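The values are calculated or read from the model by the stated rules, or taken from the named source; none is laboratory data. Given the structure is predicted, the values throughout are model-derived calculations rather than measurements. Glycine gets a Cβ as well: all are built from the backbone with ideal geometry, and neighbour counts include every protein chain shown. All accessible areas refer to the heavy atoms of the entire protein, side chains included, with ligands and DNA or RNA removed. Shrake-Rupley method; radii C 1.70, N 1.55, O 1.52, S 1.80 Å.
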Amino acid sequence: MNSGTLLPGPDLSVTVAGLRLRTPVMTASGAFGYGREYAGLLDLSGLGAIVVKGTSLEPWSGNPPPRTVETAAGLLNSIGLENPGVECFLENDLPWLSGLGVPIIVNVVGRTAAEYAALARRLDGAPGVSALEANISCPNVKEGGLAFGADPAVAGDLVTGMRRATRLPLIVKLTPNITDVAALARRVVEAGADAVSLINTLVGMAIDPEAGRPILARGTGGLSGPAVKPVALAMVYRVAAAVTVPVIGMGGIWTGRDAVEFLMAGASAVAVGTALFVDPEAPLRIAREIGDFMAGQGYGKVGEMVGLANTGFCGRRPESWADRPDQEGR
Ligand SMILES: Cc1cc2nc3c(=O)[nH]c(=O)nc-3n(C[C@H](O)[C@H](O)[C@H](O)COP(=O)(O)O)c2cc1C
């Protein structure tokens, strides 16, 4: 990649929780479906990783409409984790996804801790699954989701069950709807998480004054997009100072500079969600912009920036893919 007569450009590759990513920019769960919708809109093989929609054991129908509303600087959604279930995913989506040559991270969700463990067992060894991301932080469902993620002890037990059920790298997605996100992160790492990702959406609502009632059928929803970025950044900063495993940062990332802020707060990689609805090529553009920033500032590897702005950063900086002894030809 960086060979030839030209001066080598910055190396965007990173290894996070054993996953080798071409760039540190992945898609955030729920904003990218199972990838097919985007196939004609961007070169999927240029993504760092694809994180698919929250997937449950059985099909879930989600919440009644309206399920989304735009706000001044963000998006409120209450999709309610509609998905066709893990068997449909394995049969219809995974074979296609696994041909893309990009790590596939399956975001999983259940109504009970036993369902999360069963999903981990079912996906363990499925050809093409690179890692699991346990969504214990969805604010839009009555059972499961946030019910697990707001209590460190409950979250820890859930992760212990999943850890026993799979050897796949296990990422645990944390909620911002909690006072002490660092304590939650420490507990899930003790229980076996290989990485943590944050933030999921912040609980919010919008009201239609003429109708005199909330716009979303469910009343409240989850806020994402630029409005949440400063909150997300502060939480990533706190968590990166509390755990030694990699942190995957997300929340309102729109530009390469936004992504660099997350990296400097201590994230080893980032995910892009809401920006995809405006610019389907956002993850590729953001990766290019990170590269431009690195070139301008004289950074050679992403890992040189990770945790730079965080005085308490205690994680390991991500290795460059090229540095790994087992690297295959690129
Ligand atoms: C429409 C929509 C659906 C989402 N569905 C999921 C989901 O299924 N599982 C999950 O873990 N997060 C889900 N999220 C949260 C995003 O993955 C991400 O954590 C959050 O939106 C913050 O990032 P962003 O501001 O870049 O969108 C969803 C977000 C949106 C906007």
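To keep it simple, each residue is scored yes or no on (1) open to solvent by 20 Å² or more (accessible area, probe 1.4 Å); (2) under 25 Å from residue 44 (Cα atoms).
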| position | (1), (2) |
| --- | --- |
| 225 | no, yes |
| 236 | no, no |
| 240 | no, no |
| 248 | no, yes |
| 254 | yes, yes |
| 257 | yes, yes |
| 271 | no, yes |
| 274 | yes, yes |
| 277 | yes, yes |
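Here residue 128 meets each of (1) open to solvent by 10 Å² or more (accessible area, probe 1.4 Å); (2) of a type outside the set (A, V, I, L, M, F, W, C); (3) assigned to a helix (DSSP H, G or I); (4) more than 16 Å from the ligand (Cβ to nearest atom) with one exception, condition (3).
Considering (1) within 16 Å of the ligand (Cβ to nearest atom); (2) among the hydrophobic types (A, V, I, L, M, F, W, C); (3) within 23 Å of residue 310 (Cβ to Cβ); (4) surrounded by fewer than 20 Cβ atoms within 10 Å (Cβ to Cβ), the lone condition that residue 183 does not fulfil carries the number (1). Report the residue count in the stretch 291-319 for those that are open to solvent by less than 30 Å² (accessible area, probe 1.4 Å), in contact with a strand residue (DSSP E or B) (Cβ under 7 Å, 6 or more places away or on another chain) and at pLDDT 95 or above. Total meeting the criteria: 2. When the stretch 85-118 is filtered for residues that are of a type in the set (A, V, I, L, M), farther than 21 Å from residue 42 by Cβ and in contact (Cβ under 8 Å) with a residue 40 or more places away in the chain, the ones remaining, listed by number, are 108, 109, 113, 114, 117, 118. Counting only strands (runs of 3 or more DSSP E) that fall entirely inside the stretch 16-102 and contain at least 1 residues that are open to solvent by less than 30 Å² (accessible area, probe 1.4 Å), among the basic types (Lys, Arg) and within 23 Å of residue 125 (Cα to Cα), no element qualifies. Consider the stretch 289-320 and keep the residues that are in a loop (DSSP other than H, G, I, E, B) and of a type in the set (Val, Ile, Thr). The one that is farthest from the chain's Cα centre (by Cα) is 311.
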